[in-house]
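Notes follow the structure.
The values are calculated or read from the model by the stated rules, or taken from the named source; none is laboratory data. What you see is a predicted model, and the numbers here were worked out from it, not measured in a lab. Counting neighbours? That spans all protein chains shown, and the Cβs are built from the backbone with ideal geometry, glycine included.
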Amino acid sequence: MPKRSGILGMDIGGTRFRIGFVDQNGILSHYREERTQEFFKAGEDIFSVFAGLFQNYKKEFCEEIEIQALSVGLPSTIDRRRKVILQTPNIPLFPDNFAFTDQMQEKIGLPVFINRDVNNLLLYDMEQLGISEESSVSAIYFGTGVGNAVFLNGRILLGKNGVASELGHLPVLLNEKKCSCGNVGCLETIVSGIALQALQKEKFPNIRIDDIFIEEKDDPEVDLFVRNMAKVIATEENLFDPDYILLGGGLPMMSGFPKERLEKYAHEFTRKPYPEQNMEIVYSKMDQKNGVLGACLYGKKRLEDSSYL
Ligand SMILES: [Zn+2]
């Protein structure tokens, strides 16, 4: 049987680490999931960890697949040239200003691509939802923090330094809470999985966090949390007036989450008559594997077009 060629994708999160192979037809195989901390331990050389992972994977499946490139999604800010991992607050082991791709390419002898995880997610979500690359899309991923990615004029918006679309770190007036990025007052200190967990601990210690929207969605503070999420959506809608606002992340997927109410509030806070009148909210088909699929899709685009970042 001929080998299938394609891209090896890695999706590295603060707690979970995922790896898989996507062939030229977009089919995912040889997928696995591990705990990040078991791989990235203090004192170990990160390049050796990655290279070891890569070599073991290659060896194990060498009869079936041929890897053309490695594409890694990270919860990090990344420089505009997509070579340097600038900052990774949730994985303390990754140093700041970490020049990654050149050295990694040398180690494994294949092209290596890196991207913000949410940019990869947006690319994959667009493909899965059948949204054409002609469209403009603003994605908001309400997870542990607030992930954000913007697709404009056929490309992901990068910005001067490669760090555009940091909605979660927008400073919010009158907010003095400290954020994991080192600043004070960031939006995601109020609207995020972490913030919801803090609310649950303080106000509903006897309710499981997973049940908070089933049991308490009408509580004024839980309702305020949903209203605040809606303000985040309205902010993005007012800024970009995109063809689609794409929502994803763990929060909107929680059992009992009041999506209709969120959308009603989002309309309430968005500027009228436009962009409010024809605002189009769509939802990511969330799956644990999407990060790997997105990384591989991004890797494919990079291989096909050397000017693509
Ligand atoms: Zn911040």
Of the residues 86, 93, which is assigned by TED's automatic domain parsing to the domain that holds residue 67, away from the ligand (no atom under 16 Å from the Cβ) and not in a helix (DSSP H, G or I)? 93
Within the bounds of segment 189-201, is there any residue that is over 25 Å from residue 234 (Cβ atoms) and aliphatic (A, V, I, L, M)? no
Filter segment 125-150 down to the residues that are crowded, with 24+ Cβ neighbours inside 10 Å, modelled with pLDDT of 95 or more and of a type outside the set (A, V, I, L, M, F, W, C) and list them by number. 125, 138, 141, 147, 148
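To keep it simple, each residue is scored yes or no on (1) of a type in the set (A, V, I, L, M, F, W, C); (2) assigned by TED's automatic domain parsing to the domain that holds residue 28; (3) modelled with pLDDT of 95 or more.
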residue	(1), (2), (3)
188	no, no, yes
198	yes, no, yes
217	no, no, no
224	yes, no, yes
232	yes, no, yes
255	no, no, yes
261	no, no, yes
265	no, no, yes
Just give me the residues in segment 248-294 being without any contact (Cβ under 8 Å) to a residue 40 or more places away in the chain and among the polar types (S, T, N, Q), in sequence order. 270, 277, 278
Looking at segment 54-74, I want the residues that are more than 26 Å from residue 94 (Cβ to Cβ) and in the same structural domain as residue 24 (by TED's automatic domain parsing) and have a partner that is outside any loop (DSSP other than H, G, I, E, B) and not polar (S, T, N, Q) with Cβ atoms under 6 Å, at least 6 apart or on another chain. Which pairs are those? 61/30; 65/4; 65/21
Which residue pairs have Cβ atoms closer than 9 Å, lie 6 or more positions apart in sequence or on different chains, and pair a first residue in segment 201-214 that is modelled with pLDDT of 95 or more with a second residue that is of a type in the set (S, T, N, Q) and in a helix (DSSP H, G or I)? 207/200; 208/200; 209/197; 209/200; 212/200
Single residue of segment 157-177 satisfying the filter (surrounded by 13 or more Cβ atoms within 10 Å (Cβ to Cβ) and in contact (Cβ under 8 Å) with a residue 60 or more places away in the chain) that is farthest from the ligand (Cβ to nearest atom): 158
